[in-house]
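Asks: I'd like to ask some things about the structure below.
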Amino acid sequence: MKLFTDEESRRAVATDRSGHLPATLPDGVVRAATVDDIVETLRWATEHRTPVVTRGAGTGLAAGSSAQAGEIVLDLSGMDRIVAIRPDDQVAVVEPGVLTADLDAAAGEHGLFYAPDPASSAISSIGGNIATNAGGLRCAKYGVTRDAVLGLDLVLADGRKVSTGRQTVKGVAGYDLTSLVVGSEGTLAVVVGATLRLRPRPAAIATLAAHFDDLVAAAAAASAITTARLQPSVLELVDSVTLEAVDAARGSSLRALGAAVLVVQCDGLSARAEIDAVAAVVAPFASSWRSTSDPVEAEELLAARRAGLPALERTGDVFIEDVAVPRSQLAAAVAGIQEISARTGVRIATIAHAGDGNLHPIIVVERGGTVTEGPPWDAACAVFDLALALGGTLTGEHGVGLLKRTWLRRELGDDSLSLQRSIKAVFDPLGILNPGKAV
């Protein structure tokens, strides 16, 4: 293995997009090109009792790949081959550094698609998506990353290679180690390959954008869609703070249409009929709405959602939260977040995967400001309290990382947390894989 120890290399891999800045830099970085590089690195790390932080594209939002002195970073971004796409089986085999959007595009050449669709799909890697069990815009219908992973190739902390799962759609031989590793944030093993489920590309897509006079009405409309037993593929909510930032960045006038927008897509042969049914449910709540079956116009309607985070990042430093609540509690959640913003004086934008109750309250502070103390941190803690009080969770898809670890006991309880730490010890008895994260 080759360990790069120059300051430029170490600084480039010290943190992610979470805003967390470690006080020190990692000791070095290994840029893996092959599985053998990873095996050699982990054997060396075991021998020298050196912690290893595995890193993909560095787009994480919970400081899950943040590294400091005494640790080395294992960079997998160079392992970016799509090993195989097997259209007859609707399966892809990939290395962990493959970008999510690149896999989706490659599948598209065979009339297929890769369902998980995080907003960062153009820059996030499959390995990172697996580490956090990432969701995305299409999760309302197709589920999250775990639902697309059939099998994994892993390297354990001591350098042993193992495979989990299978290449078949069904299979129950042994414990489900694949699902256990998905979402484990690099604390159990290093993912070096993945067998992923692909799906047929929809024959048709219909899209609706509805505007509302207030955010609570938009959230109530989203819950009403679920209550009506409709299942769109995309159901996204964007608030006025985000719309104003998007308008400033893109020169649009979306905020003038309302204080919130709900973007809905239905797909399949009945897409048009389904979007008409959605419109009937949404209409009593909305101030206006429009729908289309034109793919170009559909992308225009989705643009505000996709541009939301980059637009907010232009206005200050951001702390991107990731709580989830039961879908019936979505309106209560957005109302509570608005109250927290007003009470603390902290600017909070809200974007949500409304189809599964996953909210992203985004705390915006001045450049160079902190989000780990003072009113911004008070606001973040209040959001955590709110999510748990509504029967929700601290994180829907970004992971625990460093930023939420102190809150984990409150959600899981002592016995569950102890059990999970025992599982960690089985996989990684020396505790060298991403220490201090997730559990």
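The values are calculated or read from the model by the stated rules, or taken from the named source; none is laboratory data. These numbers come from a predicted model, not from an experiment. Here the Cβ positions follow ideal geometry from the backbone for every residue, glycine too, while neighbour counts run over all protein chains shown.
Asks: Given the criterion among the hydrophobic types (A, V, I, L, M, F, W, C), in contact (Cβ under 8 Å) with a residue 40 or more places away in the chain, crowded, with 20+ Cβ neighbours inside 10 Å and more than 26 Å from Asp356 (Cα to Cα), identify the matching residue among Leu154, Leu188.
Replies: None of the other options fit; the residue is Leu188.
Asks: Sort out which residues of the range 300-327 are assigned to a helix (DSSP H, G or I) and among the aliphatic types (A, V, I, L, M), and write them in order of number.
Replies: Once the filter is applied, which keeps residues that are assigned to a helix (DSSP H, G or I) and among the aliphatic types (A, V, I, L, M), the range 300-327 yields Leu301, Leu302, Ala303, Ala304, Ala307, Leu309, Ala311, Leu312.
Asks: What's the number of the condition Gln329 fails, among (1) modelled with pLDDT of 95 or more; (2) buried (at least 22 other Cβ atoms within 10 Å of the Cβ)?
Replies: Evaluating Gln329 over (1) modelled with pLDDT of 95 or more; (2) buried (at least 22 other Cβ atoms within 10 Å of the Cβ) leaves (2) as the failure.
Asks: Okay, moving on. Give the range 165-176 a look and list any residue that's without any contact (Cβ under 8 Å) to a residue 24 or more places away in the chain and within 23 Å of the chain's Cα centre (by Cα), or say none.
Replies: Matches in the range 165-176: Asp176 only.
Asks: Return the residues of the range 247-271 that are touching a residue at least 60 places away in the same chain (Cβ under 8 Å) and either in a helix (DSSP H, G or I) or not charged (D, E, K, R) (or both); say none if nothing qualifies.
Replies: Ala248, Ala249, Arg250, Leu262, Gln265, Cys266, Gly268, Leu269, Ala271
Asks: I'd like the full set of residues that are part of a loop (DSSP other than H, G, I, E, B), aliphatic (A, V, I, L, M) and within 16 Å of Glu185 (Cβ to Cβ), limited to the range 381-436.
Replies: Selection gives Leu394, Val400, Leu402, Leu403, Ile432.
Asks: If Val190 meets every condition in (1) within 30 Å of Val73 (Cβ to Cβ); (2) outside the structural domain of Thr100 (by TED's automatic domain parsing) apart from one, which number is that one?
Replies: The one condition Val190 does not meet is (2).
Asks: Let me ask something else about it. What residue, of Glu236, Glu297, Glu274, Glu244, is assigned to a helix (DSSP H, G or I), among the acidic types (Asp, Glu) and within 22 Å of Ser328 (Cβ to Cβ)?
Replies: The unique qualifying residue is Glu274.
Asks: Moving on to the next point. Do we find that Val439 is part of a helix (DSSP H, G or I) and closer than 22 Å to Ile320 by Cα in this structure?
Replies: It is false that Val439 is part of a helix (DSSP H, G or I) and closer than 22 Å to Ile320 by Cα.
Asks: Might you check whether a residue that is crowded, with 19+ Cβ neighbours inside 10 Å and at pLDDT below 95 occurs anywhere in the range 66-80?
Replies: So far as the range 66-80 goes, yes, one or more of its residues are crowded, with 19+ Cβ neighbours inside 10 Å and at pLDDT below 95.
Asks: Quick one: in the range 417-439, which of the residues that are surrounded by 14 or more Cβ atoms within 10 Å (Cβ to Cβ) and hydrophobic (A, V, I, L, M, F, W, C) is farthest from Leu74 (Cα to Cα)?
Replies: Residues of the range 417-439 surrounded by 14 or more Cβ atoms within 10 Å (Cβ to Cβ): 417, 420, 423-424, 427-428, 430-439.
Of the ones still in play, those that are also hydrophobic (A, V, I, L, M, F, W, C) are 417, 423, 427, 430, 432-433, 438-439.
On the way: Leu417: 27, Ile423: 22, Phe427: 18, Leu430: 17, Ile432: 12, Leu433: 10, Ala438: 18, Val439: 20 Å.
Ranking the candidates gives Leu417 first.
Asks: Then there's this: Going through Gly374, Gly392, Gly396 one at a time, which residue ends up being outside the structural domain of Leu137 (by TED's automatic domain parsing), at pLDDT below 95, closer than 23 Å to Ala222 by Cα and small (Gly, Ala, Ser)?
Replies: Gly396
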